[in-house]
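Quick notes on the structure that follows.
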Amino acid sequence: MSSPIELRVVDVVAETVDAKSFVLEPPEPTSYSSGQFLTIAVPSEEQGFVARCYSLASAPHEGGLLTVTVKRTPGGYASNWLCDNVRVGQALKSLPPSGVFTAASVDDDLLLFAGGSGITPVISLAKETLARGSGSVALFYANRSADSVIFGSTLAKLAAEYPDRLTITNWFEDSQGLPTAAGIRAFAEQFTDRHAMMCGPAPFMQAVSDVLKSLDFPRERRRQEKFVSLSGNPFEISAEVVDAADLGAAAPEGAGCTRVSGEIDGAAFEFDDWRPGVLLLDFLLEKGIPAPFSCRLGDCSACACRVIEGDVEMVTNEVLEPEDIEEGIRLVCQSLPVTEHLKISFS
Ligand SMILES: Cc1cc2nc3c(=O)[nH]c(=O)nc-3n(C[C@H](O)[C@H](O)[C@H](O)COP(=O)(O)OP(=O)(O)OC[C@H]3O[C@@H](n4cnc5c(N)ncnc54)[C@H](O)[C@@H]3O)c2cc1C
C-alpha cells in the first residue's frame with residue numbers, strides 16, 4: 001500500500017489553456033475507487049522532489065489506465081512543472097491511489113458540486129455511478145468562463161447518453177459573478193434527498209456547505225475534498241516509523257499501553273500493546289494491519305478512521321472539520337493514545 005509505484009505517461013491531453021490531463025500506465029493492475037487521488041513526486045532542483053496530490057479523473061470501469069488532470073496554480077511550483085515538463089514516455093513516481101472522498105454505492109443518487117479543477121474527482125464519481133450503477137447524478141459546475149471548463153465535451157456526451165439520470169448546471173463567473181447562495185440553493189433544493197459531494201476552491205465549498213446546512217442536509221450526506229498542497233514529503237517517510245516526539249508530542253509520563261480493537265475491510269483486530277508516544281498508524285502497520293494512508297502529515301484524509309470507543313489525541317489536523325471531529329473521525333497518522341481502550345473502524 002505504501003510503496004511508491006512508477007507510472008508511465010502514455011498520453012498528455014491539453015484540456016484548457018491552463019489544465020492538462022496525464023494518462024498514466026501503472027506497472028500492474030491498480031485498483032482504486034472513484035474520488036481517490038494519487039500522490040505524485042514532482043522533481044525539484046532545490047528539494048529533490050515535492051509531493052502533490054492529484055485526484056483521478058478516470059473511473060475504474062474505464063480500464064487500467066489512471067488519469068490525473070492538473071490545473072496550473074498561479075505562482076505554484078508543482079502544477080506548472082507538470083504542465084511544462086511531462087511528456088509521453090516519461091515515468092512519474094507516485095503513491096498508490098488513496099483517499100476517502102468516495103461514494104458508498106454506485107446506486108446512490110448524487111448531488112455533485114465542482115469548482116474549476118475540483119471537477120476531477122467529481123467527474124470520476126459521476127462516470128462510475130452512471131456506467132456501473134443505477135444512481136442519478138446532478139452536477140453544479142462553476143468556472144471562470146466557458147473557456148475554462150475542463151471535461152466539457154465528456155460531460156456533454158454523458159448528458160446525451162444519460163438524459164434521465166444526469167442533470168448539469170454550469171455557472172460562469174464572467175457573466176454571473178461568483179456563485180451566489182441563491183443560485184446554489186435553487187439547484188440544491190431540487191435534490192435534498194441525495195448524497196452531496198463537493199470539491200473546489202475554499203470559498204466555493206464554504207458557500208455550498210452553508211446552503212446544504214440551511215437545507216438540513218445531514219452531515220453524513222455532505223462530503224468535501226479540499227485541494228491543498230502537502231506541507232511535507234510522504235515519500236521520504238513512507239518507509240519508516242516516525243517518532244511522535246519529532247512531531248512535538250511527548251508521551252505522558254507513567255502512561256501504560258492502550259488496547260486497540262477495530263475492524264478493517266471486514267476483518268477484526270485487537271492488540272493490547274499500543275505504546276504511549278507511538279502514532280497509531282505506525283503501530284497498526286507494525287502489526288501488519290493494512291491501514292490506509294498517504295501524506296502521513298495530517299494534510300489529507302486518506303487515513304481517516306471513526307472512533308467508536310475511547311479517544312486519541314491528534315498531533316496535527318489540517319483537514320478534518322470540527323463537525324468531523326465531533327462525529328468521531330480521526331486521522332490515524334496523527335493519533336496518539338490517551339485512553340486505556342480504543343475501538344475504531346475504517347469502514
Ligand atoms: C486530495 C487532493 C486532490 C487534489 N487534486 C487535484 C487535481 O485533481 N487537480 C489539481 O490541479 N490540483 C489538485 N490538488 C491540488 C494540488 O495538490 C496542488 O495543491 C496544486 O496543484 C498546487 O500545487 P503547486 O505546487 O503548483 O502550488 P504551490 O507551490 O504549492 O503553491 C500554492 C499557492 O501558494 C503560493 N505560495 C507558494 N509558496 C509560497 C510562499 N513561500 N509564500 C507565499 N505563498 C506561496 C503560490 O503562489 C500558490 O498560489 C489536489 C489536492 C489534494 C489534497
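The values are calculated or read from the model by the stated rules, or taken from the named source; none is laboratory data. This structure is a prediction, so every number in the text was calculated from the model and none was measured. Cβ coordinates were reconstructed from backbone atoms using ideal geometry, including for glycine residues, and neighbour counts include every protein chain displayed. Heads up: the accessible areas ignore ligands, DNA and RNA and are worked out on the full protein's heavy atoms, side chains in. Shrake-Rupley method; radii C 1.70, N 1.55, O 1.52, S 1.80 Å.
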>> Given points 7 Å out from each Cα along the Cα-Cβ axis, report the D174 to R144 separation in nanometres with one decimal.
In response: 1.0
> Which distance in Å, rounded to a whole number, links the C-alpha centroids of region 46-100 and region 167-211?
Replying inline: 27
>> Report the Cα centroid-to-centroid distance between region 278-347 and region 147-166 in angstrom, as an integer.
In response: 38
> Ignoring ligands, DNA and RNA, what accessible area per residue does region 111-158 give at 1.4 Å, in Å²?
Replying inline: 26
> For the chain, modelled as a Gaussian network with Cα springs under 10 Å, which listed residue fluctuates most, P121, P43, P292?
Replying inline: P43
> Rounded to a whole number, what % of the accessible area of the chain do carbon and sulfur atoms account for, probe 1.4 Å?
Replying inline: 48
> Mind checking the dipole of the chain: about its Cα centre, +1 per Lys or Arg Cβ, -1 per Asp or Glu Cβ, Debye to the nearest 20?
Replying inline: 940
> By its C-alpha gyration tensor, with a ≥ b ≥ c as the square roots of the eigenvalues, how is region 110-225 shaped: rounded for a/c under 1.5, else prolate for a/b larger than b/c, else oblate?
Replying inline: oblate
> D for the chain, whole µm²/s, Stokes-Einstein with Kirkwood Rh over alpha-carbon pairs at 20 °C and 1.002 mPa s: what number?
Replying inline: 102
> Rounded if a/c is under 1.5, else prolate if a/b beats b/c, else oblate: with a ≥ b ≥ c from the C-alpha gyration tensor eigenvalues square-rooted, which is region 5-98?
Replying inline: prolate
>> List the aspartates and glutamates whose Cα sits under 15 Å from the Cα of K93, skipping any in the same chain fewer than 8 residues away.
In response: E6, E25, E28, E236
> Which Rg and Dmax, in Å, describe the Cα atoms of region 1-157?
Replying inline: 15.3, 49
> What 222 nm value per residue comes from the helices of the chain, counting each DSSP H run with n ≥ 4 as -39,500 (n - 2.57) and dividing by all residues, nearest 500 deg cm²/dmol?
Replying inline: -5500 deg cm²/dmol
> Which lysines does K71 reach when only Cα atoms under 17 Å apart count, and residues fewer than 8 places away in its own chain are ignored?
Replying inline: K20, K226
> Between F271, Y141, L110, whose Cα lies farthest towards the positive end of the dipole of the chain when Lys and Arg beta carbons carry +1 and Asp and Glu beta carbons carry -1, centred on the Cα centre?
Replying inline: Y141
